């Protein structure tokens, strides 16, 4: 079987007749064996094939670990349905196995009615932990971190440290361990050691003699999530400690949290540039999406942009005399506006990416603007020359071709300037830079570009002079 075929295979669909037959026959032991051979992610992706009652039966037959893995990859509506149809003991078993950050994400998304019920079910320690993590604002290091980590004391020997880690891992579920952090008696962060270095260390050496400093990698609970991603990239981290203002270790962030966060941020930016509802970076999966989902995500912005584009018709109406006097002007409107929209999109995407990576900031903004405006002038001259040539070949009218070429130059400069300005203004006022990019840039270029076109035409074409 080819890799591509395996990658796109709906595994649950292949097993579906057997699953349904075993449910009908109530042969749950055989069904357990079938489910055991289906990967958790495949089960989650194929969940839509099951009827509501079948979903609950299948879910109850999964082991605790696999049930949690499937649960974490289901849509919120499916998660809510499962929670509403399990008894308290079953729900408690699932919630207790979940990592603290995963629990917190779930509690944030669920309706308050369901959340209140869950808080009554989970034990007090877990409830307090979830409430503490929910306290951190979305989009900060505190909201990304998990409170499941292992700490060491500097007086420990390497042998004692390894035994302590083993005891902690046996005691309860832990995140993947890449580094171990060293704290003092007040739980303040004082150092770290990678698991690899700890395993290589002489058994009797003390942790204080082999631990490394953490000042360059530690994060604060209020650090912006995007900065966290850049921090991981800069220092090539697999994990990082998160501390409060008193340097007390509050949690850790691991590379898998960063991958998930960056995927959501990238998805969010792409949807916002395309003017769709971002929903916090929730990807539109055609395996799970419905017609209603697609309409909800797209209709709002589409209507808003349509209303904005009413201005284009108003501009055309106001220059009706100009168009009727020189009909040839209409031939070049699509070329001028489409090229302007493309130029604006190129600039805005470059700026948005630069803002996301930290390459563009308000310290080097004048250098960036100078570079972009210079390139806008040169690109405007290039596309203006091409537009002039096209117009002259089509109409054999030098003045008309000059109007088209000059307008193309001005529209290119306008489009690139707009593509630069909108993301920067968004960033300055605290909005996501992608919100005012893409189609909004195109809409502005359409309206203002038409005004420039007709004003230039009236200036140079004798028949249009009043």
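The values are calculated or read from the model by the stated rules, or taken from the named source; none is laboratory data. As the structure is a prediction and not an experimental result, all values here were calculated from the model. Heads up, the Cβs are rebuilt from the backbone with ideal geometry, glycines too, and the neighbour counts pull from every protein chain shown.
Scan the range 14-35 and tell me whether some residue there is outside any helix (DSSP H, G or I) and surrounded by 19 or more Cβ atoms within 10 Å (Cβ to Cβ). Checked against the condition, which is being outside any helix (DSSP H, G or I) and surrounded by 19 or more Cβ atoms within 10 Å (Cβ to Cβ), the range 14-35 yields no hits at all.
The selection criterion, being in contact (Cβ under 8 Å) with a residue 12 or more places away in the chain, part of a loop (DSSP other than H, G, I, E, B) and under 28 Å from residue 96 (Cα atoms), does not hold for residue 181.
Residue 5 satisfies every condition listed in (1) at pLDDT 90 or above; (2) exposed (fewer than 14 other Cβ atoms within 10 Å of the Cβ) except (1).
Going by what's in this entry, would residue 101 be described as part of a helix (DSSP H, G or I) and touching a strand residue (DSSP E or B) at 6+ places or on another chain (Cβ under 8 Å)? Criteria met by residue 101. Within the set 455, 370, the sole residue that is more than 29 Å from the chain's Cα centre (by Cα) and closer than 30 Å to residue 231 by Cα turns out to be 370. Criterion applied to 420, 369, 413 was being farther than 30 Å from residue 461 by Cβ, touching a helix residue (DSSP H, G or I) at 6+ places or on another chain (Cβ under 7 Å) and buried (at least 18 other Cβ atoms within 10 Å of the Cβ), and the one residue passing it is 420.
Give the residue, chosen from 54, 129, 78, 90, that is under 21 Å from residue 149 (Cα atoms) and in a helix (DSSP H, G or I).
Numbers: 54 fails: under 21 Å from residue 149 (Cα atoms); 78 fails: under 21 Å from residue 149 (Cα atoms); 90 fails: under 21 Å from residue 149 (Cα atoms).
So the residue among 54, 129, 78, 90 that is under 21 Å from residue 149 (Cα atoms) and in a helix (DSSP H, G or I) is 129.
All conditions but one from (1) surrounded by fewer than 16 Cβ atoms within 10 Å (Cβ to Cβ); (2) closer than 30 Å to residue 359 by Cα; (3) under 26 Å from the mean Cα position of the chain (by Cα) apply to residue 135; the one that does not is (2). Testing residue 198 on (1) out of contact with any helix residue (DSSP H, G or I) (no Cβ under 9 Å at 6 or more places or on another chain); (2) at pLDDT 90 or above, one condition comes back false. Which one is that? All conditions are met except number (1).
What residue, of 118, 110, is crowded, with 18+ Cβ neighbours inside 10 Å and either in the same structural domain as residue 77 (by TED's automatic domain parsing) or touching a helix residue (DSSP H, G or I) at 6+ places or on another chain (Cβ under 6 Å) (or both)?
Result: 118 is the single residue among 118, 110 that is crowded, with 18+ Cβ neighbours inside 10 Å and either in the same structural domain as residue 77 (by TED's automatic domain parsing) or touching a helix residue (DSSP H, G or I) at 6+ places or on another chain (Cβ under 6 Å) (or both).
For the structure I just gave you, tell me whether residue 43 is assigned by TED's automatic domain parsing to the domain that holds residue 122 and either part of a loop (DSSP other than H, G, I, E, B) or surrounded by 18 or more Cβ atoms within 10 Å (Cβ to Cβ) (or both). The answer is yes for residue 43.
I'm trying to understand the selection: among the residues of the range 222-279, which are assigned to a loop (DSSP other than H, G, I, E, B), modelled with pLDDT under 85 and either in contact with a helix residue (DSSP H, G or I) (Cβ under 6 Å, 6 or more places away or on another chain) or buried (at least 21 other Cβ atoms within 10 Å of the Cβ) (or both)?
Narrowing the range 222-279 to residues assigned to a loop (DSSP other than H, G, I, E, B): 222-223, 236-238, 244-247, 274-278.
After this cut, where a residue has to be modelled with pLDDT under 85 as well, the list is 274-278.
Correct list: 275, 276, 277, 278.
Can you find a residue that is surrounded by fewer than 16 Cβ atoms within 10 Å (Cβ to Cβ), in the same structural domain as residue 205 (by TED's automatic domain parsing) and modelled with pLDDT of 90 or more anywhere in the range 167-177?
Our first condition is that a residue be surrounded by fewer than 16 Cβ atoms within 10 Å (Cβ to Cβ); within the range 167-177, this holds for 167, 169-174, 176.
Filter once more, keeping what is in the same structural domain as residue 205 (by TED's automatic domain parsing): 167, 169-174, 176.
This time we only want the ones that are modelled with pLDDT of 90 or more, so: none.
Looking for residues that are surrounded by fewer than 16 Cβ atoms within 10 Å (Cβ to Cβ), in the same structural domain as residue 205 (by TED's automatic domain parsing) and modelled with pLDDT of 90 or more, one finds none in the range 167-177, hence no.
Residues that are modelled with pLDDT of 85 or more, part of a helix (DSSP H, G or I) and surrounded by fewer than 16 Cβ atoms within 10 Å (Cβ to Cβ): does the range 143-161 have at least one? There is at least one residue in the range 143-161 that is modelled with pLDDT of 85 or more, part of a helix (DSSP H, G or I) and surrounded by fewer than 16 Cβ atoms within 10 Å (Cβ to Cβ).
Quick one: is residue 130 free of Cβ contacts under 8 Å to residues at least 60 places away in the same chain and touching a helix residue (DSSP H, G or I) at 6+ places or on another chain (Cβ under 6 Å)? Talk me through it step by step, then tell me what you get.
Values: free of Cβ contacts under 8 Å to residues at least 60 places away in the same chain: yes; touching a helix residue (DSSP H, G or I) at 6+ places or on another chain (Cβ under 6 Å): yes.
Criteria met by residue 130.
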